[in-house]
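A.B. asks: One structure, pasted below without further comment.
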Amino acid sequence: MRAGRFAATVLILGALGCLAVAMHDSRAAQAPATNPDPGAEAFVKARNFAAHGDGERFAAAAELAVAPPGLEPYLDYWRLRLELADDNADSALLDQKLRAFIKPRPTSVVADLLRRDWLLRLGKRGDWTTFDAVFPAWILRDDRRVFCLSGKARLLRGAAAGAEALGALDQMRDLDENCEALLTTLVNATVLGPKELRLRLRLAIEQNSVVTIGVVAGLLGYDASDVNAALMKPERTLAKGGDSTLTLIALVRLARSEPDLAAQKLAALGTTMADSERNFAWSQIAAAAMRRLDPRAREWTLRALDADAGDETWEWLTRAALRDQDWPLLLATTDRMSPANRREPAWVYWRGRALRALGVVAESEAQFRTIAGGFDFYGQLAAEELGELTRLPARSSPPTPSELAAPAANPGFARALHFYELGLRSEGNLEWNYQLRGMSDRQLLAAATWACQQSILDRCVNTASRTRHEHDFSLRFVTPFREQLASAAAERKLDPAWVYGLIRQESRFIMDANSSAGAKGLMQIMPATGRWIARKLGIAKFRPEQLNELPLNLRFGTFYLSNVLENLDGSLVLASAGYNAGPNRSRRWRAALPGSVEGAIFAEIIPFNETRNYVKKVLSNTAYYAADFSGKPQSLRAWLGNIEPAADVPSELP
């Protein structure tokens, strides 16, 4: 927390003029209300029943449903999806219905969704002739299962599986029946032999994919009960000894929960394991240790440098080197990554830092220059290493009336708005994003501006963030309900730039946002946390649904955020991590530090993927908001600060 910066920010924030879009009062921050019309309510019910496969109740709701303009095809789409799920449906008649539905609207979202579902059904029933006819018209290309089926279809007609299918197979951690079928077909066609299967098994072990381990081991001839024992009772398998593959599975599974015990077991095996298997096992023990912030992760990483492991493992081993600021080791671990992964901004930046620490300045700066133009966490940090602080890029000229007329007349955007009015955000987002394909920067800025004018702030932010050369950061970093937020932040002595940065990541300014875990509102407060806050503030008769109300959400969120910040000694990095994963986890992670580290290092070694990405984005957002509010360039490294180790004293904070 920076008291001087906070005071200046509040004054500037209150003095800023409004954007020329209707999005800054509390009403604009609200998501559109659900339509109370009975026909519209029945439409929503029909969608929900269809999603749960309840054909009987869907039919009853559909009879009463009145679709908003443009959404009428969705009722037929949901009806046809239910028929596709019925194994007893007449295939020839169903195919005829599907063609009739798609023909008048071939490039629409709803037709392409149905096309995807149809392809899955065609693969299931083995109608490869029809599959091959339908597949080229599939536009979204967003489902790995379909790509696996396309690979199988190609193999069955004597062609190669294709890069898309093989890529889908590589990227799917837990093989579904479609990708399992592709893998089996590749083996039967002798495209994959035992050597390739063993490499794939090792990748599955590395990813802890129980399903894929079972499938691949089965193709290698292993008994399912033996594989299951190695996965579920690893110590028993290790005590039995014998097969090296089962031993390796058991060692790595044991390492997931007890890396120290796994290290002892591996050391006891001595030379009974092949060098390649032993090196791989050490890499997995080191990675598992680092996920637990075990101080021995670096020691075990040193034993694993010759391992044939994948990028995910080398990322964890790089974090082990980073945590101890062992720059030569960091260069060694990143050298083992694939060329594509080594080009990821995180590893470009940390390789640059390692080279600079070792005195290789020219090469270090060359690394930084490759990512310094990015508007993300590591792009900002790389630019700062080159002497450029975070600042807002030049604002492009606003859209002209004719440019704004295009999104206003776009039927897909109109359908999206109708879905938002019904509270169906996922369908609305799909319709919205579908329209953005192939848009120029000018078209994207016009669509983003129009979204803000319609008070659809998450689409405004999302759409504006897609531009490549022309930018308007007032759309990327919107500032609705400024007076209310400034007041709530001032009451708790919080910097509004940080609060905005956190809300942008939490809810994208969707007032009635509800997460799958139950978090509610702008600041995504869990009901249990809301009840704790209500008790602390002396508010009687609190109801969790009140968390979707703007004043209460901001009041509760800033109260809790200030408590987390105070509990974590004023560190925005620790507090952001604590807000996402819980203050006690943040305290445990800090307690595991070997010494003082930069905030950027702490952010990168957070063991939860979601929290690690969250903290980076919140602090990146904060620097941009602060640059906007203050009119001055910002040092992201200063916002990140340094993190000092401290004892893990449990907090009462939920």
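A.B. asks: Need the full-extension length gain, Leu93 to Ser338, defined as separation in residues times 0.36 nm minus the C-alpha distance. One decimal, nm.
C.D. replies: Length gained between Leu93 and Ser338: 83.3 nm.
A.B. asks: Follow-up question, since we're still on this one. Which pairs break 24 Å Cα to Cα here: Lys493/Lys616; Lys152/Lys233; Lys520/Lys616; Lys45/Lys541?
C.D. replies: Over 24 Å Cα-Cα: Lys152/Lys233; Lys45/Lys541.
A.B. asks: Let me ask you something else. For region 354-418 and region 105-157, what is the separation of their C-alpha centers, rounded to whole Å?
C.D. replies: 36
A.B. asks: Same structure again: For the peptides 105-117, 222-234, what is the packing order when you average, over each peptide's residues, the other Cβ atoms within 10 Å and list the highest mean first?
C.D. replies: 105-117, 222-234
A.B. asks: If you don't mind, there's one more thing I want to ask. Give the aspartates and glutamates whose C-alpha is closer than 13 Å to that of Lys536, dropping any in the same chain fewer than 8 places away, or say none.
C.D. replies: Hits, sequence-local ones excluded: Glu652.
A.B. asks: If you don't mind, there's one more thing I want to ask. For region 300-339, with all protein chains present and a 1.4 Å probe, just round the carbon and sulfur fraction of the accessible area to a whole percent.
C.D. replies: 45
A.B. asks: So what is the orientation-averaged projected area of region 266-401, using the convex hull of its C-alpha atoms, in nm²?
C.D. replies: With every direction weighted equally, the projected area is 11.1 nm².
A.B. asks: Estimate the FRET efficiency between Ala239 and Glu566 by the formula 1/(1 + (r/R0)^6), using the beta-carbon distance for r and 56 Å for R0, to the nearest 0.05.
C.D. replies: Taking R0 as 56 Å, the efficiency between Ala239 and Glu566 is 0.65.
A.B. asks: Normalised by the residues of the chain, what does the relative contact order come to in percent, with Cα pairs under 8 Å and at least six apart?
C.D. replies: Once normalised by length, the contact order is 14 percent.
A.B. asks: Moving on to the next point. So what's the back-of-envelope 222 nm ellipticity for the chain, counting only DSSP H runs of four-plus at -39500 (n - 2.57) apiece and dividing by all residues, rounded to 500?
C.D. replies: The helix contribution divided over the chain gives -19500 deg cm²/dmol.
A.B. asks: Same structure again: Return the lysines within reach of Lys240: Cα separation strictly under 18 angstrom, same-chain partners fewer than 8 residues apart disregarded; answer none if there are no such residues.
C.D. replies: The reachable lysines, counting only those whose Cα sits under 18 Å from Lys240, are Lys265.
A.B. asks: Taking all protein chains in place and a 1.4 Å probe, what share, in percent, of the accessible surface of region 48-136 do carbon and sulfur account for?
C.D. replies: Carbon and sulfur atoms account for 53 percent of the accessible area of region 48-136.
A.B. asks: Give me the accessible area of Arg336, 1.4 Å probe, in Å² rounded to the nearest 10.
C.D. replies: Counting only protein heavy atoms, Arg336 exposes about 90 Å² to solvent.
A.B. asks: Sorted by accessible area (1.4 Å probe), largest first, how do Asp472, Asp628 line up?
C.D. replies: Asp628, Asp472
A.B. asks: Let me ask something additional. Taking 8 Å as the Cα distance limit and 6 or more residues as the minimum spacing, I'd like the relative contact order of region 404-526 as a percentage.
C.D. replies: 15
A.B. asks: In whole angstrom, how far apart do the alpha carbon centroids of region 593-645 and region 442-520 sit?
C.D. replies: If you average the Cα positions of each part, the centres end up 19 Å apart.
A.B. asks: In region 411-479, what percent of the accessible surface is made up of carbon and sulfur (1.4 Å probe, ligands and nucleic acids excluded)?
C.D. replies: 48
A.B. asks: Something else: Starting from the 7 Å offset along Cα-to-Cβ, what nm value, one decimal, do you get for the label separation of Ala268 and Glu312?
C.D. replies: 2.8
A.B. asks: Right, something else. Over region 120-165, what is the relative contact order in percent, taking alpha-carbon pairs closer than 8 angstrom and at least six residues apart?
C.D. replies: The normalised contact order for region 120-165 reaches 32 percent.
A.B. asks: Still on this structure, I have one more. Tell me, what is the per residue accessible area of the chain in Å², probe radius 1.4 Å?
C.D. replies: Computed with neighbouring chains in place, this is 43 Å² per residue.
The values are calculated or read from the model by the stated rules, or taken from the named source; none is laboratory data. Owing to the predicted nature of the structure, the values given are computational and were not obtained by experimental measurement. Cβ sites come from the backbone with ideal geometry, for glycine too, and all protein chains shown count toward neighbours. The protein model used for the area step is the full one, side chains on, heavy atoms only, and it has no ligands, DNA or RNA in it. Shrake-Rupley method; radii C 1.70, N 1.55, O 1.52, S 1.80 Å.
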